[in-house]
Structures are given as C-alpha cells and as structure tokens.
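Let me begin by presenting the structure, written as structure tokens, before commenting on it.
The values are calculated or read from the model by the stated rules, or taken from the named source; none is laboratory data. As the structure is a prediction and not an experimental result, all values here were calculated from the model. Quick reminder, even Gly has a Cβ in these numbers, built from the backbone with ideal geometry, and neighbours come from all protein chains shown.
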Amino acid sequence: MPVIFEYDVEKNLLYETGIDYLSMKDFPDYKEMFSSIEFHPGVRIIADYRRAHTDFDFSEMYQIASFDRKILSPLGRIKMAILVTGKLGYGVARMYQSMLQGQNIQIELFRHQAAAEKWIGHETFCNTDDSVPDFSATSLAME
C-alpha cells in the first residue's frame, strides 16, 4: 500500500504519507486502513504526498473525497494540511480540496512541512522560515 497512516492519539494528529504511484487498485486497502482508525473529534491531518504521483481522474478523486468526507464529517472541525510538489500534484490536491472542504473541514496546500505544521498547530519539525502557505496564482505562474 503506497499510503502510510500514523495516528498520534495524544496529539489527535494523523500523519498520512503517500509514496510512489497511487492508483484506484489501492483504494480498497486505503479505505480499510483509514476507516480502521478511531479518530477523536477535531482531528488534525498532515497529508504528505510530495513523494507520490498519480493520474486520478475527476470521478476517481470524487470517490476518494466522498469516502473521506463520510469518515471525517462526524468529527467536528477538521484541519488538513496537504503537502505536494509540482503543478500536477498541486492540481490534484486542489481538486480534492474543492471536493472535500466544507463547513467543518478546512484544507490548505503546502510545499514545506514546517509551514504545514505551523498552520495546523503542530510545530515539531519547524526548523525553517516557511511559515505561510506558499501556493498562490503568482507563485505558480513564476515557476
């Protein structure tokens, strides 16, 4: 399974890490692992997909977002920081963000872990000065 979950119950913080190629054939394993975690209300999620790549289409991403919403919606206010690289990774993450983000789920996209952790309220690894979300129309156009 190219997605690893580590849930810190005391901090109510999920580290989700994607590695290598992600495809819909992995989705049943993802669903089983994600739904087996007993999240506490208000869980915070750092989803690091900087070392992953995929070619999910809209309908596949919708299936994933719908499943995640079903698990996360009952848990109150959720913050999710998604770490990505490149324009394609950003585009896929934005598609997911637009499908999942809502009244109780707040999602931001980042390139640097320190910025993501600061935004989410967990600064264990903050050793750099990249404290704000660094995706904008200007920064993408300048790449």
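Summary table below
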| read-out | value |
| --- | --- |
| Residue list for segment 38-88, restricted to those being in contact with a strand residue (DSSP E or B) (Cβ under 9 Å, 6 or more places away or on another chain) and charged (D, E, K, R) | 38, 44, 48, 50, 51, 55, 60, 68, 69, 77, 79 |
| Index of the failed condition, residue 78 passing every other in (1) over 24 Å from residue 35 (Cβ atoms); (2) modelled with pLDDT of 90 or more | (1) |
| Condition met for residue 59 (surrounded by fewer than 14 Cβ atoms within 10 Å (Cβ to Cβ) and without any contact (Cβ under 8 Å) to a residue 24 or more places away in the chain) | yes |
| Inter-residue pairs, beta-carbon under 6 Å, first more than 9 Å from residue 52 (Cα to Cα) and in segment 12-23, second charged (D, E, K, R) and surrounded by 15 or more Cβ atoms within 10 Å (Cβ to Cβ), 6+ apart | 13/44 |
| Complete set of residues in segment 8-41 that are farther than 12 Å from residue 71 by Cβ and in a loop (DSSP other than H, G, I, E, B) | 9, 10, 11, 12, 23, 40, 41 |
| Single residue of 65, 47, 93, 52 found to be surrounded by 16 or more Cβ atoms within 10 Å (Cβ to Cβ) and touching an Asp or Glu at 6+ places or on another chain (Cβ under 6 Å) | 47 |
| Which listed residue, of 90, 96, is touching a Lys or Arg at 6+ places or on another chain (Cβ under 9 Å) and assigned to a helix (DSSP H, G or I) | 90 |
| Residue that is hydroxyl-bearing (Ser, Thr, Tyr) and over 22 Å from residue 109 (Cβ atoms), where the choices are 35, 59 | 35 |
| Residue list for segment 42-68, filter: farther than 13 Å from residue 3 by Cα and assigned to a strand (DSSP E or B) | 44, 45 |
| Residue 107 vs. criteria buried (at least 19 other Cβ atoms within 10 Å of the Cβ), of a type outside the set (D, E, K, R) and either in contact with a Leu (Cβ under 8 Å, 6 or more places away or on another chain) or modelled with pLDDT of 90 or more (or both) | yes |
